[in-house]
Amino acid sequence: MPSQLTPATVRQAYIAARRAWEQRFTAKESSYLPGPMWDGGELHGRRYQPVWPKVVTYLMQRHFDGSIEEYMDVQFRQSGLTRPPAPNQVFNDGAWQSYLKRPIIPDLRRREFKTQGSKAAVEVAMLEDLDGYDKEQATLRVVLNADLQLSPLFRYCLASSVGTPAGDELAQKLFGQALKQFQSDVAGYQEHWASMLPARLKNMAARGGK
C-alpha cells in the first residue's frame with residue numbers, strides 16, 4: 001500500500017479537490033468540510049460509518065500506487081461537471097476509468113514537486129526547532145511520517161538526499177514504489193524533479209526509464 005494512502009489522507013485529498021472545484025465553479029473561496037454522512041456519526045437519527053476506509057479498500061484492490069491528490073483532482077476535472085462528486089462517487093468503475101484515462105497535465109509535476117518540497121521543509125524545520133532533532137534525524141522522521149501527503153517517489157528522493165547509511169537503507173526500502181511512480185511519467189519527473197532525483201533514477205531516465 002502506498003504510504004500516503006490512508007483514510008486520513010484520502011479525506012484530506014478529497015477536501016482539497018472539492019474546495020478547489022467549488023472555488024473554480026463559484027469564484028468564491030470554499031470552506032467545505034464533510035459531514036457525519038461521510039466522516040461517520042449520527043445525522044437525523046441515523047448512524048453512518050466513515051466512507052474514507054472504503055475508498056482506501058477500493059483503491060488497494062486495484063493496486064493503486066499513484067498520488068491520491070492526483071486521483072482526487074481527476075475526479076473533479078471531468079468535462080461537463082456541474083455538481084461535485086460526493087465522497088461515495090469517487091470509488092466506482094467510472095471514477096477509476098477516469099483516472100486511468102487521465103491526460104498528463106504538463107504543469108502537474110512541477111506543482112507536485114513544489115507542494116511536497118514546501119511541506120517537507122516546514123516539517124523538518126519544526127522538528128529541528130521545536131523537538132531538537134538534527135537535520136538527518138528530522139529528515140528521516142519526515143520520510144517515515146505516513147500522515148504527511150508525500151508521494152513514494154518524493155519520500156525516496158528525500159531519504160536519498162540525506163547521504164548517510166541510514167538514509168540509504170531507508171531509500172532502498174522505498175525504491176520499489178518510487179520506481180513505479182517514476183516510470184509512469186519519466187519525462188515529466190526528469191524535467192521538473194531533476195534537482196532532487198538521485199543518480200540511480202537519472203541514469204534510468206537516460207536509458208528511457210529502464
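For the range 106-151, the set of residues classified as without any contact (Cβ under 8 Å) to a residue 60 or more places away in the chain, surrounded by 18 or more Cβ atoms within 10 Å (Cβ to Cβ) and farther than 20 Å from Leu174 by Cα consists of Leu127 only.
How many residues are outside any helix (DSSP H, G or I) and over 15 Å from the mean Cα position of the chain (by Cα) if we restrict to the range 1-55? Give the steps one after another, and end with the answer.
The first filter runs over the range 1-55 and keeps only residues outside any helix (DSSP H, G or I), leaving 1-6, 27-35, 40-51.
If we keep only those that are over 15 Å from the mean Cα position of the chain (by Cα) as well, we get 27-35, 40-51.
So the count comes out to 21.
For the criterion of being under 14 Å from the mean Cα position of the chain (by Cα) and part of a loop (DSSP other than H, G, I, E, B), Leu153 fails.
Filter the range 50-73 down to residues that are in contact with a Lys or Arg (Cβ under 6 Å, 6 or more places away or on another chain) and buried (at least 20 other Cβ atoms within 10 Å of the Cβ), then give me how many there are. Before you say what the answer is, go through the steps one by one.
Filtering the range 50-73 down to residues in contact with a Lys or Arg (Cβ under 6 Å, 6 or more places away or on another chain) leaves 52, 65.
Restricting the remaining residues to those that are buried (at least 20 other Cβ atoms within 10 Å of the Cβ) gives 52.
Within the range 50-73, residues that are in contact with a Lys or Arg (Cβ under 6 Å, 6 or more places away or on another chain) and buried (at least 20 other Cβ atoms within 10 Å of the Cβ) number 1.
Within the range 9-49, the set of residues being loosely packed, with under 13 Cβ neighbours inside 10 Å and hydroxyl-bearing (Ser, Thr, Tyr) comprises Thr26, Ser31.
Looking at Leu130, Leu170, Leu174, Leu148, which one is outside the structural domain of Gly66 (by TED's automatic domain parsing) and not in a helix (DSSP H, G or I)?
Only one candidate qualifies: Leu148.
Of everything in the range 164-192 that is among the small types (Gly, Ala, Ser) and surrounded by 15 or more Cβ atoms within 10 Å (Cβ to Cβ), the residue that is farthest from Leu108 (Cα to Cα) is Gly167.
Going residue by residue through the range 1-8, is there one that turns out to be among the small types (Gly, Ala, Ser), crowded, with 16+ Cβ neighbours inside 10 Å and closer than 22 Å to Gln78 by Cα?
If we filter the range 1-8 for residues that are among the small types (Gly, Ala, Ser), which is where we start, we get 3, 8.
When the remaining residues are screened for being crowded, with 16+ Cβ neighbours inside 10 Å, the result is 3.
Restricting the remaining residues to those that are closer than 22 Å to Gln78 by Cα gives none.
Within the range 1-8 (the criterion being among the small types (Gly, Ala, Ser), crowded, with 16+ Cβ neighbours inside 10 Å and closer than 22 Å to Gln78 by Cα), the answer is no, since none of the residues qualifies.
Cβ-Cβ contacts under 6 Å between residues 6 or more apart (or on different chains), taken from a first residue in the range 2-13 that is farther than 9 Å from Ile68 by Cβ to a second residue that is surrounded by fewer than 18 Cβ atoms within 10 Å (Cβ to Cβ) and modelled with pLDDT under 90, are listed as Ser3/Ala146. What pairs come out if I take residues in the range 171-199 that are within 23 Å of Glu136 (Cα to Cα) and pair them with residues that are of a type in the set (Gly, Ala, Ser) whose C-beta lies under 7 Å away, six or more apart or interchain? Within 7 Å, the pairs are Ala171/Ala159; Ala171/Ser160; Leu174/Ala159; Met196/Ser161; Pro198/Ser160.
When Gln78 is tested against (1) part of a helix (DSSP H, G or I); (2) free of Cβ contacts under 8 Å to residues at least 24 places away in the same chain, only condition (1) is not met.
The values are calculated or read from the model by the stated rules, or taken from the named source; none is laboratory data. Owing to the predicted nature of the structure, the values given are computational and were not obtained by experimental measurement. Neighbour counts are summed over all protein chains in view; Cβ atoms, including those assigned to glycine, are modelled from backbone coordinates with ideal geometry.
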